[in-house]
Structures are given as structure tokens and as C-alpha cells.
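Novice: Would you mind keeping the following structure in view while I ask a few things?
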Amino acid sequence: MKAKKRKFKLFDMNRDGRGVEKGEDGPRNFRNFFKYFRRKFSTLLSVNLLMVFQLLPIVAAVFVFVTGPTQNTALSVLYPTACSAAFMSPSPTNDLLLATVSLQLGVPVYNSYVYYVIGAIAIVYVLTFGWQNVGGTYLLRGLVRGDPVFVVSDYFYAIKKNFRQGFFVGLIDVTVIFLLSQNLMFYSQFGDSFLMSVFYMAVIALILVYFTMRYYVYLQLITFNLKTWKIIKNSLIFAVLGIKRNIMAALGIGAVLLANFFLFYLLAPLNFIFPLILPLFYFMAVSGYIATYAAYPVIEKYMIEPQAEDGGPPADELADES
């Protein structure tokens, strides 16, 4: 005799699970992106709790810089001359000139604790930059591949497994980012010179190329046992081979940024702080997932699948040998 069918199964521990949804193993294309993203969104929020530490040092440094002791400093180089003229020969003209150039800005006091605190934050940020990217990329790769993801344990497992190379790749990465940003700010000051404008556009092009290369750097590091130079070389090649997916990823990340600005202007009149801190809860993981979703199929096509066809060991086994 069959057991009587239960009417209420909400708390039934023996009931059947949902199983695998239809299309779970479908191609990683634009059509399936939003379906997979919706399924992984709650896990992405958990992943972001660890990835947000890539932003918190910057936020902390800005907070210390803004709230530290300041000294008012004139923005215009004409301020001393105008002040002397107004003092030595008072007149409506000199007073007007002084008012025009007297705008001042509060800058941190020289040799105050602000510089030491920011310096300490910068050192910690640089030393841990590669490890944080390794751990975050490992989690995002698991989500893209559909692997079971244990956020905290997998994060630190990836760092431990790639501790040495992750550190040195992180140093190279943060150095390149720093140099490119400094060059961008330097050449942006010489808009009147044609040659400097050419250099400025060249720096922008290099930033776009390197931004795309970063999709692949840490993915290769955690997937294969490769030398650092080989990883960088392959990343440059993949920036070209996967150009369609790379462009779509850049547009997706740009759309997330635009959504953040839209939310800020929408919510700022109600509460200024909330829209500022809101991206900290999702931006790093969401933008990283978009980049990984675009980049991993390219690596799979040109490195993993040919290796499997040749009868070689799986990519993860190669990585475990390092």
C-alpha cells in the first residue's frame, strides 16, 4: 500500500530537490548570460564580501586624506601678487583682482600623520593586490564553469596554491596600472600640443589593451602551470583572438558603471551616503563575473580543449603541480 501523499511539503527533508535547470550546460553566450547571472547573483554577493577588500584600502585612504588636518592653499599662482597689490595700493580694481584669484583649497598639512597612514595603506594594498585577485578570480571561474563554490575556503585555497606567483604577478600588475595612470594624467595637461595629444591617445589605447589583457592574466595563473612571461604574452594574444567577447565585456562593465552613476543621481537627494556605499556590495563581483564569463570560453577554446584532444591532463591537474 502506497503511503498517503503529503499535502504540505515545505519542511519535508525527504522531498525531491529542484535538480538541474534546463539549459544549465548551455553555451556561454550573450543569450544565456542573464539566465546564468540571475542564478549566481546571490553567490556573487557573497563573493563580493571578499573582493571588496580590493576597494576598501582606497576608500580608507581617501577618507584619511579628506578628514585629516588641512592648510588653506591658494589655487592661483597670481594670488600672492594680487594680495600684495591690494595691500600696497588699495583700489576697486585691485580688490576685484584679489577676489577673482583668492579661491583656496584645503590640502593636508605637510609631514602630518595623514601621509604615514596613507603610505601604510598603500604598502598593504600593493603587497596583497595579486593574492586578492587570485582568490577572487578562482571563485568567479568556478561560478562561470558551474562548479560548486565554497566562498571562504576556495578563496584562501587559491591564494595558498598560487602564493608565490600570485604575489609577483600582482606587483607587476599594480606597477603597470600605476605607470599608465601617471602617464595619462601627465599627457592630459598638454592638450595644446599635437605631439602630446598623440602620446595621450597612445596611452589611452594602451590602457584599453591592458584592461582587456587583465581578463586573462589571473585566469591563466590559476588554471595552468605557466611562467609569468608566458601568461602576459598569452593575455596579449587573447586580447586579439577574443576581441568580440572582450568588447562585450567592456560594454557590460561600462553599463554597470553607468547604472551606478544613475543610482547615485537618483538616490543622492534622499541620502547622500547610501548611493556612495551601495556599489561596495556588488560592483567588484559583478564586473569580475562579466569579465570572466567573456574570457574563460576563449581560454577554453584555445588552450583547454586542444590539450584535452591531445590526451593531456586536465588544466586543473597542471595547475596543481605548481
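Novice: Separation between the L171 and I243 pseudo-spin-labels, each 7 Å from Cα along Cα→Cβ, expressed in nm?
Specialist: 3.5 nm
Novice: Now, a different point. Separation between the N225 and D147 pseudo-spin-labels, each 7 Å from Cα along Cα→Cβ, expressed in nm?
Specialist: It works out to 1.6 nm between the two label points.
Novice: Cβ neighbours within 10 Å, averaged per peptide: list 100-108, 218-226 in order, most packed at the top.
Specialist: Taking the mean over residues of other Cβ atoms within 10 Å, the ranking is 218-226, 100-108.
Novice: In angstroms, what radius of gyration and Dmax does the chain have, counting Cα atoms only?
Specialist: Here Rg and the maximum Cα pair distance are 26.2, 111 Å.
Novice: Here's a follow-up. Once both axes come from the Cα atoms, what is the angle between helix 283-299 and the longest principal axis of the chain, in degrees from 0 to 90, rounded to 10?
Specialist: For helix 283-299, the angle is close to 60 degrees.
Novice: Stretch A259-K301 to full length: gain in nm at 0.36 nm per residue minus the Cα-Cα span?
Specialist: Working: separation 42, 0.36 × 42 = 15.12 nm, distance 3.20 nm.
Full extension from A259 to K301 adds 11.9 nm.
Novice: In degrees between 0 and 90, to the nearest 10, how far off the longest principal axis of the chain does helix 92-101 point, with axes built from Cα atoms?
Specialist: Around 20 degrees separate the two axes.
Novice: Sticking with this structure for a sec: Pop a pseudo-label 7 angstrom from the Cα along the beta-carbon direction at both F178 and F163 and give the gap in nm to one decimal.
Specialist: Placing both labels 7 Å beyond Cα along the Cβ direction yields 2.4 nm.
Novice: Report, to the nearest 10°, how far helix 151-161 tilts away from the longest principal axis of the Cα atoms in the chain, using its own Cα long axis and a range of 0 to 90°.
Specialist: Taking the Cα atoms of the chain, the angle to 151-161 is about 80 degrees.
Novice: So, by mean Cβ neighbours within 10 angstrom, what's the order for 254-261, 59-66, 291-298 with the highest one leading? Intermediate results must be reported in sequence, preceding the final value.
Specialist: Working: 254-261: 12.5, 59-66: 14.1, 291-298: 24.2.
Output ranking for 254-261, 59-66, 291-298: 291-298, 59-66, 254-261.
Novice: Could you tell me the distance between the Cα centroids of the range 68-110 and the range 123-194, to the nearest Å?
Specialist: 43 Å
Novice: Could you work out, for the range 150-198, what percent of all Cα-Cα pairs fall into each 5 Å distance bin, beginning at 0 Å and stopping at the bin that holds the largest distance?
Specialist: In order of increasing distance, the bins hold 5, 18, 14, 12, 12, 10, 8, 7, 7, 6, 2 percent.
Novice: Next up: Going by amide H atoms built from the backbone, whose H comes under 5 Å of the H on F190, apart from near neighbours?
Specialist: none
Novice: I've got another one for you. Tell me the mean residue ellipticity at 222 nm calculated for the chain from its helices only (DSSP H runs of n ≥ 4, each -39500 (n - 2.57), averaged over every residue, nearest 500).
Specialist: Computed ellipticity for the chain at 222 nm equals -23000 deg cm²/dmol.
Novice: For the chain, with the dipole built from +1 on Lys and Arg beta-carbon atoms and -1 on Asp and Glu ones, taken about the Cα centre, which of L180, L44, N246 lies farthest toward the positive end?
Specialist: After comparing all options, I get L44.
Novice: Okay, moving on. Of L257, L208, A85, which is farthest along the charge dipole of the chain in the positive direction, counting Lys and Arg as +1 and Asp and Glu as -1 at C-beta?
Specialist: Going by the Cα projections, it comes out as L257.
Quick note: the coordinates plus some simple rules give every number you see, no bench work behind them. Here the structure is a predicted model, which is why all the values come from computation and not from measurement. For neighbour counting, all protein chains shown are included, and Cβ atoms are generated from backbone atoms with ideal geometry for every residue, glycine included.
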